1. Filter the range 164-193 down to the residues that are crowded, with 16+ Cβ neighbours inside 10 Å, modelled with pLDDT under 90 and small (G, A, S) and list them by number.
2. Return yes when A274 is assigned to a helix (DSSP H, G or I) and either buried (at least 24 other Cβ atoms within 10 Å of the Cβ) or in contact with a Leu (Cβ under 6 Å, 6 or more places away or on another chain) (or both) and no when it is not.
3. Within the range 12-64, track down each residue that is of a type in the set (G, A, S) and in a loop (DSSP other than H, G, I, E, B).
4. Please state which of the following conditions I294 fails to meet, knowing it meets all the rest: (1) open to solvent by less than 20 Å² (accessible area, probe 1.4 Å); (2) under 23 Å from R161 (Cβ atoms); (3) of a type in the set (A, V, I, L, M); (4) in a helix (DSSP H, G or I).
5. Based on this model, can you work out whether A206 counts as modelled with pLDDT under 95 and in contact with a helix residue (DSSP H, G or I) (Cβ under 9 Å, 6 or more places away or on another chain)?
6. Would you mind telling me which numbered condition in (1) touching a strand residue (DSSP E or B) at 6+ places or on another chain (Cβ under 6 Å); (2) in a helix (DSSP H, G or I); (3) crowded, with 20+ Cβ neighbours inside 10 Å V321 fails?
7. Mind listing whichever residues of the range 284-299 are touching a residue at least 40 places away in the same chain (Cβ under 8 Å) and farther than 15 Å from A207 by Cα?
8. Do we have any residue at all in the range 207-216 that's more than 18 Å from G259 (Cα to Cα) and in contact (Cβ under 8 Å) with a residue 24 or more places away in the chain?
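The values are calculated or read from the model by the stated rules, or taken from the named source; none is laboratory data. Computed from a predicted structure; not experimentally measured. FYI the Cβ positions are ideal-geometry reconstructions off the backbone, even for glycines, and counts take in every protein chain you see. To get the accessible areas, we keep the full protein, side chains included, count just its heavy atoms, and leave off ligands, DNA and RNA. Shrake-Rupley method; radii C 1.70, N 1.55, O 1.52, S 1.80 Å.
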Amino acid sequence: MGFLPVTQPQSSTRLLHPIRVAARRTGLSPHVLRAWERRYRVVTPGRSAGGQRLYSDLDLERLALLGRLVGGGHGISQLARLDRAQLQALAAEGLALPPTRTGGDLTPAAPVGEGPDDAVAAALASVLGFDADALQATLERAGLRLGVHGFLERVAAPLLRRIGDEWRAGRLSPAQEHQATVVMRRTLGRMLERVEGAGAAPRLLAATPAGERHELGALLAAATAAGDGWRVTYLGADLPAAELAEAAERTGAQAVALGVVLVEDGPALTREVAALRDRLRKDVPLLLGGPGAIALRETFERAGAEVISELAELRARLRLVGRPA
């Protein structure tokens, strides 16, 4: 009789889901869903009687696969041409896409005026203009074009530095800074969820120490590690050494990364770092990053921590930690 063709159940092709449900189930924002449909025709949703987009279960499966692969560094322009089976194979086996004749990169070339520096400038303008929607759209476009590490190192980190400079110069209000923080936290959190490793991947614990309430630096470190296949336990801000050490032990963390932005009480923060270093296993590196960590580099290094200046340096250090024995 041979192999019978496998058919999808009729329910999988029915147009059931509005765009808000599609966004929630795929992890992609409505802005990204509309942009991918318009530019790359990744799916062809139907329309309700009122003109709203409606997606099928198969549409959502395809979109979720695309989001996962783009989050891992592949370019949407190439992925859009692949069928369901090819996308599933790519996601399951980690296969590499062939380079294109037009550039050889896995991400589409950025249009003129939309490089990383332009994205940072546009994002900062949105922050100063108190426009959260424009900021979110700029960050999402940059993430799609540049991939995980390109976005983190060439857009997110420079933007955070610029926001800090503007805040210290008095050109940014607390409300503007808080709104930018909310958007950045949401963007980095989604990226972390999409690319986090699984199974036997090495484990990282990321947080901020007691007294440090600015968590975006720690989220940058978490997303960087996840982009290289690490499983990340992200705990957020302002945790004492004893809690961090217990979490590291219980999760089997092979490295601990802390973000330090402001130093309001240097001696107290140094005591927290030293206490955490004493409680961690000796083979678990304690990695500190951010302006505050760099300002107190010598003090923290005497306490047994390692101070990391750039995300690329963090990636290199984690590769050494996660290398099989």
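1. Selection gives G164 alone.
2. no
3. Residues satisfying the conditions are G27, S29, S48, A49, G50, G51, S56.
4. Against the list (1) open to solvent by less than 20 Å² (accessible area, probe 1.4 Å); (2) under 23 Å from R161 (Cβ atoms); (3) of a type in the set (A, V, I, L, M); (4) in a helix (DSSP H, G or I), I294 comes up short only on (1).
5. It is false that A206 is modelled with pLDDT under 95 and in contact with a helix residue (DSSP H, G or I) (Cβ under 9 Å, 6 or more places away or on another chain).
6. Status for V321: all satisfied but (3).
7. At the first step, the residues of the range 284-299 found to be touching a residue at least 40 places away in the same chain (Cβ under 8 Å) are 287, 289-292.
Of everything in the range 284-299, just one residue is touching a residue at least 40 places away in the same chain (Cβ under 8 Å) and farther than 15 Å from A207 by Cα, namely P291.
8. To start, the set of residues in the range 207-216 that are more than 18 Å from G259 (Cα to Cα) comprises none.
For the range 207-216, residues more than 18 Å from G259 (Cα to Cα) and in contact (Cβ under 8 Å) with a residue 24 or more places away in the chain: absent.
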